[in-house]
Amino acid sequence: MKNKIKFITLVVSGLLILNVSTANADPTYAVLDENNNVTNIIICGAACETGTFGGQKVVLQVAADPVTGENRGGYWNGAGTATYSQDGTFAVNRNIPITRSEIEYDENNNIISATTATVNGSAYTFKYEDTLGNSLLNVEKEIEPKSSVGATVSVTTTDGYESLSFDERKSFSEISIEVAFRNLRLLSAKINKLKELLGIWVKP
């Protein structure tokens, strides 16, 4: 009897934090437009303490390292990727693919199946207060991505390979119907695992 060993791997392509400087003891500020979209992240020290810099509104985004005092960069992936709310919450869209996989091995350490879900983007929120600790690893709180974010699922076994792509977010029912309509038996056998790997991308 085969002894299946399962594990989940998470692969994120690209850096989530942009290191803008190593200026000593200075936090990172976010520059906002009139609609509270983040247009840049800067280090401006005392010059930003009034809440404006160069005629633009600025708000604290990431605290300096509490131990070394060094700047730790900020969160911004370019125009249209981050917003700020009056309650102090930043919402950031990450336009890079995230892949989650489950690999099954037999007792001889041979791969017998690989189930993979790749989401073409994600989103998260955080507040400046969340960055006050020693680590930024747990700052991001994942939220539902935009409806237009696509995904691809696949299953590889000793019997073959199947994959299916979606141009936008789908509900679990919609995914199941599409898999059944296309008679994708390998995907059908792993449908609940695919839902788990797709995570918050799946519409309620």
What residue, among those in region 68-86 that are assigned to a loop (DSSP other than H, G, I, E, B) and within 18 Å of the chain's Cα centre (by Cα), is surrounded by the most Cβ atoms within 10 Å (Cβ to Cβ)? Tyr75
Take Ser113 and tell me if it is surrounded by 19 or more Cβ atoms within 10 Å (Cβ to Cβ), of a type in the set (Ser, Thr, Tyr) and out of contact with any helix residue (DSSP H, G or I) (no Cβ under 7 Å at 6 or more places or on another chain). yes
Return the pairs, sorted by first residue and then second, in which the second residue is among the basic types (Lys, Arg), the first residue lies in region 54-74 and is free of Cβ contacts under 8 Å to residues at least 60 places away in the same chain, the beta carbons are less than 9 Å apart, and the residues are 6+ apart or on different chains. Ala64/Arg72
Say whether the condition of being at pLDDT 95 or above and more than 30 Å from Ile175 (Cα to Cα) is met by at least one residue in region 113-126. yes
Failed item in (1) assigned to a loop (DSSP other than H, G, I, E, B); (2) at pLDDT below 95, with Glu104 passing the rest: (1)
All conditions in (1) assigned to a strand (DSSP E or B); (2) of a type outside the set (Asp, Glu); (3) within 30 Å of Gly73 (Cα to Cα) are true of Ser147 except (1)
Within region 150-200, the residues that are among the aromatic types (Phe, Trp, Tyr) and part of a helix (DSSP H, G or I) are Phe172, Phe181
If Phe172 meets every condition in (1) free of Cβ contacts under 8 Å to residues at least 60 places away in the same chain; (2) crowded, with 18+ Cβ neighbours inside 10 Å; (3) aromatic (Phe, Trp, Tyr) apart from one, which number is that one? (2)
Do you know which residues across region 101-153 are among the aromatic types (Phe, Trp, Tyr), within 30 Å of Gly69 (Cβ to Cβ) and in contact (Cβ under 8 Å) with a residue 40 or more places away in the chain? Phe126, Tyr128
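The values are calculated or read from the model by the stated rules, or taken from the named source; none is laboratory data. Not measured: the values here are computed from a predicted model. Positions of Cβ are backbone-derived with ideal geometry, glycine not excepted, and every protein chain shown enters the neighbour counts.
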